[in-house]
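Structure below; questions to follow.
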Amino acid sequence: MPAFAVPPEHADLRAAVRRFLAECSPEAEVRRLMETATGHDPAVWKRMAGELGLQGLIVPAAHGGAGAGRVELGIVLEEAGRALLCAPLFATVALAATLLLESGDTEAQARYLPGIAAGETVATVAVSAADPARRP
């Protein structure tokens, strides 16, 4: 038996994402999208949510997601990187959705996570510098 066995559900997730991205993110399409104003194809973004539920992967079921963990997210991000996916997946899911989940702000979670899970909301995280004039 191998020292590290991949659970079948993880292998299935990887295979499904890889197939989808092979179709939707070939090199020629990546190059084309890099030159567009949005940098991604909104139709593919919606398909990612509708067909695979990728944007809602770590979003709890109560907010329309799958409630999976960071291992599953890591698998998806590995495949997205392998395919050079042009989409705001990292910013929206790995950064914004994760921060919302960790924030404990249930109002913000209820407001934003369903849209992220449905592929209707593109999000990111912004950090502002402290105002030096307000320092004690």
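The values are calculated or read from the model by the stated rules, or taken from the named source; none is laboratory data. Worth saying up front: this structure is predicted, and the values here are computed from it rather than measured. We place every Cβ from the backbone using ideal geometry, glycine too, and count neighbours over all the protein chains shown. Protein only, heavy atoms only, side chains kept; ligands, DNA and RNA dropped before computing areas. Shrake-Rupley method; radii C 1.70, N 1.55, O 1.52, S 1.80 Å.
Compute the angle between helix 8-24 and the longest alpha-carbon principal axis of the chain, please, reported from 0 to 90 degrees and rounded to the nearest 10.
So the helix axis and the longest Cα principal axis differ by about 90 degrees.
Something else: Which whole-number percent of Cα pairs in the stretch 55-113 have a distance greater than 13 Å? Before the final figure, lay out the partial values.
On the way: 1018 of 1711 pairs.
For the stretch 55-113, the share of Cα pairs beyond 13 Å comes to 59 percent.
When 1/r is averaged over all different Cα pairs and the result inverted, which Kirkwood radius in Å belongs to the chain?
On the way: mean 1/r = 0.0622 Å⁻¹.
Over the chain, the inverse of the mean reciprocal pair distance is 16.1 Å.
Round to the nearest 10 and report in Å² the accessible area of residue 34, as given by a 1.4 Å probe over the protein chains' heavy atoms.
120 Å²
Another question about this same structure. Please give the helix 106-118 orientation as an angle from the longest Cα principal axis of the chain, in degrees from 0 to 90, rounded to the nearest 10.
30 degrees
Relative contact order for the chain: what is it in percent, counting Cα pairs under 8 Å that are at least 6 residues apart?
Normalised by residue count, the contact order of the chain is 28 percent.
May I pose another question? At a Förster radius of 30 Å, what calculated FRET efficiency corresponds to the Cβ-Cβ distance of residue 38 and residue 6, to the nearest 0.05?
Numbers: r = 35 Å, r/R0 = 1.16.
FRET efficiency, residue 38 to residue 6: 0.30.
If each DSSP helix of 4+ residues adds -39,500 (n - 2.57) and the sum is divided by the residues in the chain, what number results at 222 nm, nearest 500 deg cm²/dmol? Numbers along the way, then the final one.
Details: 6 runs with 63 residues, N = 136.
It lands at -14000 deg cm²/dmol.
Full extension from residue 70 to residue 107: what is 0.36 nm times the residue separation minus their Cα-Cα distance, to one decimal in nm?
On the way: separation 37, 0.36 × 37 = 13.32 nm, distance 2.28 nm.
Full-extension gain reported as 11.0 nm.
Sticking with this one: Relative to the first principal axis of the alpha-carbon coordinates of the chain, what is the inclination of helix 70-82, with its axis defined by its Cα atoms, in degrees from 0 to 90 and to the nearest 10?
So the helix axis and the longest Cα principal axis differ by about 70 degrees.
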